[in-house]
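Below is one structure, written out as C-alpha cells; the observations come after it.
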Amino acid sequence: MSTTAAVPTVADVVAELERRYPPSWAEEWDRVGLVLGEPCALVRRILCVVDVVPETVAEALAAGVDMIIAHHPLLLRGVSTVAPTTYKGRIIHQLIKADVALYVAHTNADVAAPGVSDALAARLGLTDLRPLQPSRPGTPAAGEGRGAGRIGRLPQPMSLAELARHAAAVLPATAVGVRAAGAPDRTVRTIAVCGGAGDSFLADATAANVDAYLTSDLRHHAAGEHLATDGPALLDATHWATERPWLDDLAALLRSTPGVETLVSDLDTDPWTVHAASPSAGAPAVAHPVAENKEPDREG
Ligand SMILES: [Zn+2]
C-alpha cells in the first residue's frame with residue numbers, strides 16, 4: 001500500500017487494475033501483469049495504449065508519464081536478449097531509463113465484463129449484451145456475463161451496407177475503415193462483435209444465429225467458407241480500431257484513483273496506412289468466391 005496520501009504507487013495502480021482484470025482470467029498462453037517498473041515508484045500520469053511500439057513510447061516520453069498500460073503484451077514469447085540493438089530491447093531500455101513502468105491487461109481484459117468487446121459494442125450502440133463465447137464453467141473467469149466477444153441488438157435494423165458505414169463512422173478512424181462480406185442489402189438486427197482477431201469465433205457467431213459478426217483480421221479461406229455455409233454477414237475492421245474503444249473504459253477506471261492523470265493514445269498502431277478503392281469497384285461482384293480450400297486453415 002502507498003504510504004503517500006495523494007500520489008499512488010505502481011503497486012497501487014496494479015492492485016486497482018487487478019481488481020477489475022484479475023490475471024487468473026487470462027488465457028494460459030498469455031502474458032499479463034507488470035512487465036517493468038519499480039512497484040514503489042510514484043505514478044502521477046498514465047498513458048493507455050493498445051500497442052507498445054516506438055511511436056506510443058515516444059508519445060509516453062513526450063507526455064512525461066510514469067506508467068504505460070497496454071493491451072498487447074510487449075513480451076509474449078521467450079527472449080534471450082533485451083540488448084538496445086534489438087527492436088524490443090530498445091523499447092525496454094527507453095522505458096527503464098525514463099522510469100516508466102509498463103503493465104499489460106490482455107485476454108483478462110477481453111473476457112472481463114465490462115471488457116474490451118463491451119466497449120466495442122457500446123460504440124456501435126448495441127444493447128442486451130451477452131458473451132459470444134462464455135468463459136467455460138470451472139475456469140477462473142466463469143460466470144457473471146464474462147467471456148469472449150459480445151452479442152447484442154442494434155438500436156434499429158439496418159442493411160449490411162448501412163451497418164458497414166455506421167461502423168466506419170463510430171469506430172476510431174483508420175486508413176482502411178471497415179469492409180463487409182455478404183449481401184449488401186441483408187437486414188441486420190442482431191450482431192456479434194469481438195475486439196481483436198476474432199476468426200476463431202466464427203462458428204460461435206453462426207451458432208448464435210446473429211445477422212452479422214464484426215471483428216478484425218479475418219482471412220480469405222475462413223471468411224469465405226463461413227459465408228458459404230450460411231454464416232452471418234461479416235464486417236472486418238482493423239485490429240486497433242476494435243480495441244481502442246476499451247482504452248476509454250480503462251482510463252475511466254483509473255480516473256477514479258485520486259492523484260493520477262490518465263491519458264489515452266489515439267495513435268493508430270495498425271500497420272495499414274493506405275487504402276485505395278479499385279476504380280471499377282462499386283457493383284457487388286459474384287457471390288462469395290470460395291471454390292475450394294486448398295490450404296489447411298491454421299490459427300496463428
Ligand atoms: Zn488485440
Worksheet entry | Backbone HN-Hα couplings from phi across region 168-175 [Karplus 6.51/-1.76/1.60, Hz, Gly and Pro as x] | 5, 7, 9, 7, x, 5, 9, 5
Discussion item. How would Y87, Y21, Y213, Y103 line up from fewest to most surrounding beta-carbon atoms within 10 angstrom?
Written reply: Y87, Y103, Y21, Y213
Fill in: Ranked by how many other beta carbons lie within 10 Å on average, peptides 27-34, 185-192 from highest
185-192, 27-34
Worksheet item: Shape call for region 1-106 from the C-alpha gyration tensor, a ≥ b ≥ c root eigenvalues: rounded (a/c under 1.5), prolate (a/b greater than b/c) or oblate?
Response: oblate
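Antiparallel versus total DSSP beta bridges in region 1-128: what percent is that, nearest 5? Write out the running numbers ahead of the final one.
Numbers: 4 of 12 bridges.
About 35 percent, rounded to the nearest 5.
Can you give me the Rg/Rh ratio for region 236-277, using Cα atoms for both radii and the Kirkwood formula for Rh?
On the way: Rg = 13.9 Å, Rh = 12.2 Å.
That ratio is 1.14, to two decimals.
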Fill in: Rg/Rh (Cα only; Kirkwood hydrodynamic radius) as it applies to region 112-242
0.94
Worksheet item: Which FRET efficiency value, to the nearest 0.05, is calculated for D99 and A183 with the Förster distance at 51 angstrom and r the Cβ-Cβ distance?
Response: 0.40
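Can you tell me, using C-alpha contacts under 8 Å and at least 6 residues apart, the relative contact order of region 10-108 as a whole percent? Don't skip to the end; give the middle numbers.
Numbers: 158 pairs, mean separation 38.8, N = 99.
Once divided by the residue count of region 10-108, the mean separation gives 39 percent.
May I ask you to derive the relative contact order of the chain, considering only C-alpha pairs under 8 Å and at least 6 residues apart, and to give it as an integer percent?
Details: 593 pairs, mean separation 54.5, N = 300.
Relative contact order, the chain: 18 percent.
Pairs of Cα atoms under 8 Å, at least six residues apart: use those to get the relative contact order of region 112-242, whole percent. Walk me through the intermediate numbers first.
On the way: 283 pairs, mean separation 32.1, N = 131.
With pairs under 8 Å counted, the relative contact order is 25 percent.
Could you list L247, L214, L120 in order of exposure, starting from the residue whose Cβ has the fewest other Cβ atoms within 10 Å?
On the way: L247 24, L214 33, L120 29.
Neighbour counts put them in this order, fewest first: L247, L120, L214.
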Discussion item. Distance between the C-alpha centers of region 259-274 and region 183-223? Whole Å please.
Written reply: 26
Worksheet item: Under 20 Å from the 7 Å Cα→Cβ point of A197, by amide nitrogen: which residues of region 8-40?
Response: 26-33
Worksheet, complete the sentence: At q = 0.07 Å⁻¹, the log10 of I(q)/I(0) for the chain from a Debye sum over equal Cα scatterers comes to -0.29
Worksheet item: Of M67, M158, how do they rank once you tally other Cβ atoms within 10 Å and put the fewest first?
Response: M158, M67
Practice prompt. Could you pull out every residue, at least 5 positions away or on a different chain, whose amide H is within less than 5 Å of the one on L263? Hs are placed 1.01 Å off N in the peptide plane, and Pro or chain starts have none.
Written response: I46, L47, C48
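Values in this text are rule-based calculations from the coordinates and carry no lab data. Since we're looking at a predicted model, the values are computed, not measured. No Cβ is skipped: glycine too gets one built from the backbone with ideal geometry, and neighbour counts run over all protein chains shown.
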